[in-house]
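Some notes on the structure that comes next.
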Amino acid sequence: MAPARLAPGAAVRVRPGPPEPHCRTPFYLRGKAGVVEAFAGVHRDPSLLAYCRPGLPARALYRVRFRQRDLWPEYAGAADDSLVADIYEHWLDPVEG
Amino acid sequence: MTDRKVNDIGGLEAGPIDRAEHAQTLFEKRVDALMMLMTNPRIGAFKVDAMRRSIETCTPEEYASLGYYQKWLRALAQLLVEQQVLDADELAARVAAVKARGGGYA
């Protein structure tokens, strides 16, 4: 298994798209900033499995935490309410600094 | 952005959710069984990722009007033809024959 490239706590931003050929990042997360919560292993690439390819190279999967207030403009809940999504490395960009 | 796919409705207004349960119909059980068979690693016609990709090709009208298992059946037909498990003409002829037979779907 390949080593984790992003450590827990790393700041990331979901790539804005386009979602072709096949991207499983929900629309409401595209372009949003979050923080890596955990490394969730290396798995066959779903964007290739979707086309009945072997899904290699395998890709690192991360559990990424977002603030609800960053996702929904009218969010009225607590400031630290959050949402965690599993997102593959190739649909994320690291955020410098 | 305009690249939101028809299935990707998280966060959109959806109205009340119907949480009523219903008994599975024979049609639903058969579609479920066929999907389990085709995605079983020993057969491996395609994986769930491909099924999702196929369902995402629904038009908005199809996505709104087709039921859950009808979307599965649409994906099964599309993928089994794409993967050359079934021949498109053969499938169409068989569908026509079953329709002509009539009698509904028990």
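The values are calculated or read from the model by the stated rules, or taken from the named source; none is laboratory data. Keep in mind that this is a model prediction, so the values were computed, not measured. Quick reminder, even Gly has a Cβ in these numbers, built from the backbone with ideal geometry, and neighbours come from all protein chains shown.
For the range A:44-76, which positions are within 21 Å of B:Glu13 (Cα to Cα) and more than 14 Å from every other protein chain (Cβ to nearest Cβ)? Passing the criteria: A:Arg67, A:Ala76. Which of the residues that make up the range A:5-20 are modelled with pLDDT under 95, surrounded by 13 or more Cβ atoms within 10 Å (Cβ to Cβ) and within 14 Å of chain B (Cβ to nearest Cβ)? Result: A:Arg15, A:Pro16, A:Gly17, A:Pro19.
Taking residues in the range B:1-23 that are surrounded by 13 or more Cβ atoms within 10 Å (Cβ to Cβ), and partners anywhere that are acidic (Asp, Glu) and in a loop (DSSP other than H, G, I, E, B), the pairs with Cβ atoms closer than 9 Å and at least 6 places apart or on different chains are B:Asp3/A:Glu20; B:Lys5/B:Glu56; B:Val6/B:Glu56; B:Asn7/B:Glu56; B:Asp8/B:Glu56.
Among the strands (runs of 3 or more DSSP E) contained in the range A:20-97, which hold 3 or more residues that are out of contact with any Gly (no Cβ under 9 Å at 6 or more places or on another chain) and under 30 Å from B:Gln78 (Cα atoms)? Write out each step before concluding.
Details: elements: A:33-43, A:59-67, A:82-88, A:92-94.
Those strands (runs of 3 or more DSSP E) do not exist here; none qualify.
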